[in-house]
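Below is one structure; the comments refer to it alone.
The values are calculated or read from the model by the stated rules, or taken from the named source; none is laboratory data. Source: prediction; values computed, not measured. With ideal geometry, Cβ positions are generated from the backbone for all residues, glycine too; neighbour counts draw on all protein chains shown.
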């Protein structure tokens with residue numbers, strides 16, 4: 001490099017205020033610093049400002065302000081956490097295209113290389129006249145490319161804060177460019193939506209085309225050579241569409257050269273080189289590590305590592321006297337140091353190690369390595385460098401068994417919610433049976449789709465107009481579908497419980513006809529509601545806390561349910577006044593049905609993604625692939641300086657460290673002694689058991705109207721009764737049964753009785769001389785001894801099939817017996833025990 005031209009910084013630096021938009025020469029757009037006048041407050045200005053809030057230009061200013069704040073927090077945090085925050089001055093040069101097809105930004109036939117002093121700032125290179133805001137940053141792994149990009153972003157942020165016309169620098173990770181057919185412009189728009197919460201794509205497009213954003217593209221080398229070439233072509237096309245666009249791209253030097261495809265629309269390549277021997281010495285001397293300098297000089301492997309700024313910084317941290325021969329050893333020593341080190345006094349004062357005493361014992365080293373390795377491999381598989389907890393997807397599941405368990409749990413939770421609300425309308429039995437069947441079917445057949453959390457809402461007429469017709473059509477389709485499924489399941493349950501085969505067919509036909517009509521009406525209403533909801537919009541919603549997307553989805557779901565339920569109440573109030581003759585007109589009169597539909601709307605507005613997220617994390621946690629409290633663990637790893645946290649986003653402290661974890665041994669299950677979690681089998685069993693108990697049982701109070709013939713139960717007691725399974729099994733002598741009174745047997749009609757069973761089907765009861773015999777065998781029991789049998793000489797009762805004989809003291813005639821044959825169908829349930 002001795003023949004490189006010497007660069008005089010002051011003479012070549014561009015005057016930023018004199019830049020003009022010269023499109024035919026590809027110069028950068030004008031960036032003019034202006035003073036902002038601050039006026040005294042007056043009421044007229046306040047009213048005008050309030051009205052201006054709804055104007056497009058004020059919306060744009062608000063979005064710009066929020067985006068700038070979020071970007072500033074991200075850049076400052078990442079620079080503070082960087083492994084290269086102690087700046088090592090390195091050699092650098094600027095390569096300008098001058099007639100050479102084969103160089104970094106070749107368009108012409110040769111190149112011009114300008115040596116830059118080590119203290120040269122990247123912002124000065126960016127604003128050179130011959131660069132004009134179109135720059136490629138190249139360097140070896142660990143040379144400081146991303147750190148340089150962050151320093152450039154920091155300088156540009158300061159300018160954007162002082163000049164409202166300056167663009168906002170936004171860092172885009174090219175590793176997230178997943179769709180090859182997507183243009184860079186469209187991808188930037190989607191990126192703003194996914195990572196910065198700017199949900200309005202049309203607004204994002206105008207924001208981008210108006211040069212309100214300055215894209216800083218990092219990680220071109222993460223795409224692989226084939227996709228890297230395609231991406232370079234699309235970047236060239238993007239710049240060519242607007243020749244005045246400023247843009248910076250960051251890439252590893254070796255991968256860029258191997259790609260043999262050039263960013264020809266950029267004006268210069270800023271190349272980071274290895275530090276000189278003298279700079280390494282000064283750096284170590286300034287840190288008081290002269291002894292390390294002597295070791296490096298005498299060890300060729302360590303000298304090779306020290307020529308990479310990242311590795312030199314890590315070496316300063318982890319060197320304990322033992323030689324380090326390669327990158328793997330270096331990162332292994334770094335991880336060990338991070339997991340064992342104690343917090344400094346400064347870190348404690350800054351609360352960097354909040355609740356440190358508690359956190360340091362929360363996770364073992366094996367757990368930390370295991371979970372970070374799994375996370376690194378998921379990011380590698382998805383070709384991403386950043387991670388949001390709410391962006392966890394079912395693709396993280398490792399096999400079909402896990403995917404099946406995920407679908408079943410999701411379906412059961414949804415079915416349980418539907419069943420409980422549905423049970424308020426048609427009875428708990430119908431509701432929970434419907435919920436169980438619906439949940440299992442839905443869980444088994446629904447596709448494993450991407451989980452997309454819903455953002456917080458604000459009002460947008462534009463989105464309402466855009467979505468209303470679409471959602472009305474969707475509502476019609478969903479209404480027909482729901483009416484069909486509802487009719488089939490509800491009709492089938494009704495038939496199974498109440499009728500024989502011909503009854504099932506009749507009910508199915510009748511219910512399907514009516515419920516399909518109701519489905520159309522309810523679908524239209526739901527479509528209208530969904531159209532209004534999808535018209536709710538937020539211009540920008542940055543992720544400030546971990547898992548914010550899921551929390552907002554759940555909050556949106558609850559809020560929308562609360563808002564829409566009264567709306568449905570009002571609609572159905574007028575609807576119920578109409579003589580439509582529809583099958584569920586009586587149900588529509590019930591407030592519970594409005595609640596049911598409100599919850600359905602709420603599930604569509606954020607509830608379903610939340611349930612999917614919960615189900616996914618439950619499976620991953622049970623398989624020991626993630627901790628139960630993922631946010632707590634990731635914060636812990638950030639405190640250990642293994643990851644970085646910026647708001648709700650996490651990334652490894654450096655991509656090289658992430659790749660080190662990716663290259664670790666295959667992820668295996670943690671040792672049993674390290675896993676203190678309960679088995680998922682127990683959780684699934686408890687869920688199924690709970691559903692089964694709710695379906696087959698009932699808890700109810702004993703009212704004064706009930707006729708009770710056992711001293712163990714009194715009026716106002718709360719009893720637990722089996723209302724389903726007693727029909728499928730044989731009851732035993734002494735069981736307490738709850739049944740409706742039959743006047744033919746001497747019972748008071750329309751009253752419920754609780755009495756013990758004395759004789760079973762096929763048995764014969766006899767009373768002779770006050771003694772009770774069953775099948776000619778004496779029968780004695782506590783409740784028999786209290787009966788007035790002494791006045792009966794000869795009684796003989798043969799119990800037919802499907803009947804049970806009950807016997808007790810007559811409530812109105814104390815010296816007489818009350819007996820009766822109770823058919824199985826007349827039994828409401830078997831009283832199992834008293835709760836209180």
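Given the conditions (1) assigned to a helix (DSSP H, G or I); (2) in the same structural domain as residue 124 (by TED's automatic domain parsing); (3) under 23 Å from residue 122 (Cβ atoms), and given that residue 283 satisfies all but one, which numbered condition is not satisfied?
Here residue 283 clears every test but (2).
Can you tell which of 210, 219, 240 is over 27 Å from residue 386 (Cβ atoms) and either surrounded by 14 or more Cβ atoms within 10 Å (Cβ to Cβ) or not assigned by TED's automatic domain parsing to the domain that holds residue 659 (or both)? Walk me through it before giving the result.
Values: 210 fails: over 27 Å from residue 386 (Cβ atoms); 219 fails: over 27 Å from residue 386 (Cβ atoms).
After ruling out the rest, the residue left standing is 240.
Modelled with pLDDT under 70, closer than 30 Å to residue 658 by Cα and in a helix (DSSP H, G or I): which single residue out of 380, 390, 347 fits that description? Spell out the reasoning first.
Working: 380 fails: modelled with pLDDT under 70; 390 fails: modelled with pLDDT under 70.
Just one listed residue meets the conditions, 347.
For a quick check of your reading: which strands (runs of 3 or more DSSP E) sit entirely within the stretch 735-778 and have at least 1 residues that are free of Cβ contacts under 8 Å to residues at least 60 places away in the same chain and crowded, with 18+ Cβ neighbours inside 10 Å? Show your work before the answer.
Working: elements: 736-740, 752-759, 764-768, 771-774.
Counting at least 1 such residues, we get 752-759, 764-768, 771-774.
Residue 234 is checked against (1) surrounded by fewer than 20 Cβ atoms within 10 Å (Cβ to Cβ); (2) at pLDDT below 90; (3) in a helix (DSSP H, G or I); (4) touching a helix residue (DSSP H, G or I) at 6+ places or on another chain (Cβ under 6 Å) and fails just one. What number does that condition carry?
Only one criterion in (1) surrounded by fewer than 20 Cβ atoms within 10 Å (Cβ to Cβ); (2) at pLDDT below 90; (3) in a helix (DSSP H, G or I); (4) touching a helix residue (DSSP H, G or I) at 6+ places or on another chain (Cβ under 6 Å) is unmet by residue 234, namely (2).
Which one of 426, 331 is more than 24 Å from residue 453 (Cβ to Cβ) and modelled with pLDDT under 85?
Working: 331 fails: modelled with pLDDT under 85.
From the options 426, 331, the qualifying one is 426.
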